[in-house]
1. Going by the structure shown, is residue 261 farther than 30 Å from residue 45 by Cα and either outside any strand (DSSP E or B) or outside the structural domain of residue 59 (by TED's automatic domain parsing) (or both)?
2. Please give the number of the condition residue 443 fails out of (1) modelled with pLDDT under 80; (2) in contact with a helix residue (DSSP H, G or I) (Cβ under 6 Å, 6 or more places away or on another chain).
3. Looking at 273, 266, 255 in this structure, which one is buried (at least 18 other Cβ atoms within 10 Å of the Cβ) and more than 24 Å from residue 362 (Cα to Cα)?
4. I'd like the full set of residues that are buried (at least 21 other Cβ atoms within 10 Å of the Cβ) and more than 14 Å from residue 498 (Cβ to Cβ), limited to region 324-338.
5. It is to be established whether one or more residues within region 237-246 are assigned by TED's automatic domain parsing to the domain that holds residue 342, modelled with pLDDT of 85 or more and assigned to a loop (DSSP other than H, G, I, E, B).
6. Quick one: which of 344, 303, 363, 297 is in contact with a strand residue (DSSP E or B) (Cβ under 9 Å, 6 or more places away or on another chain) and under 26 Å from residue 212 (Cβ atoms)?
7. Restricting the search to region 57-76, which residues are closer than 29 Å to residue 522 by Cβ, in contact with a strand residue (DSSP E or B) (Cβ under 6 Å, 6 or more places away or on another chain) and surrounded by fewer than 20 Cβ atoms within 10 Å (Cβ to Cβ)?
């Protein structure tokens, strides 16, 4: 019997293809679509193992397709997130060396025209979900959240046992101690309470109370409210009061700071987000000074790409999420015996690209700073500073002074990549203006005012390499990084880049205590070391055998215990 050529070729092709498929590595793939069966492009797909931290992340293509390849045998879960859609998840996906699991998921829109014009109240029988207190963008960035991501429920079991609708109150407490920076010394206690209100579709929100006290006499109090009138939109207002003992040349007193902050986010479309707001700040130390500090941000997001423009006048208030943190003592110092608030204008244009296991960013910025803060450290009492150019924290020995005005443009490039499992590595290069104290500018016995005349602005560079992840076989988290810049520079090259700005060698460890899988409560030890090698200290003034130093950041060793419920 004679086989025709087409049939014979087909038989050979099948004989070669079937064994090849059997030998290919395991994978999980599928299509993400909406209720109308239309594919969703740019949705975030996360692959989980036994650990609640995602192993891999992918973005759906123009056809809504995603794929995770070269998987080890085991059980996995897949979760999909997309702006204005409720999350979807598929659990207990078992794969071995020959499995090719196809997992298609359908996302349900969290609102429609008929629901909002007019709005339809949510029924008490509707299932509860975590959207009453968290809103994510299309690239899985937490947009509106009071708590740090680590405070979120640690596992799917936690969320099923305590959905947001049944946990109207959550909180966080901590006890920390060790050497610290300006206004942050002694044994510190912290408590934060969050009251969740409203439904998942409209009028959701939170009220927050935040306290911090210290054995040095420093204290911090904050009260805030957040409302989400519509998906993608949010209004947030926070009032904070901070007080700490200081010496500003005329004896011990108290530095008192009142801040009233507010901001709003508007989702103009699925891809375009805008944020704007302002802070009114009043500080008193011998005299009262005030400032108004606005900010604005615009984000255009699509399929893993993001184009952003930011305008800010304070480094700790650049976006709506900054309203959730206590932050450090605002940028202020003494000059000629009077308290001065740093006046700044920062503008930045950045482009981000997110692909599976990698994020790339390029940014151009332009800064102008008036009375920038110079950080210093030493053991000399403020009574020895007759010039009135120093604001001293007697508890830590840290002091602040105002430097020369400066400005200029710069750029940075940043890349982060998932190396293996939970381990990520990051690299950043930045170039821009900074204040430097050249070698040999200090003279023994000179006045502090004379020492300040040696300051100069120069264009310089900084290079960062960092890694973070978890210790294999444990839940111990670690974060280590080294940011180099010339030791003569005493301010940051890119001062508004607050994400990874700790200079020189720094290490942080997090150790959960107990089993986070059996209880929603979380007990954790934290140990942090900053500028371990004490680099960048520049001597500026020598008197009575004591030396004072300028440094961008101090050498710190802190540790503590945190509890969340």
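The values are calculated or read from the model by the stated rules, or taken from the named source; none is laboratory data. Note that the structure is a prediction, hence the values are computed from the model and not measured. Every residue, glycine among them, receives a Cβ derived from its backbone with ideal geometry; neighbour counts consider all protein chains shown.
1. Against the criterion (farther than 30 Å from residue 45 by Cα and either outside any strand (DSSP E or B) or outside the structural domain of residue 59 (by TED's automatic domain parsing) (or both)), residue 261 qualifies.
2. (2)
3. 255
4. 329, 332, 333, 334
5. no
6. When all the criteria are applied, what remains is 344.
7. Scanning region 57-76 gives a single hit, 75.
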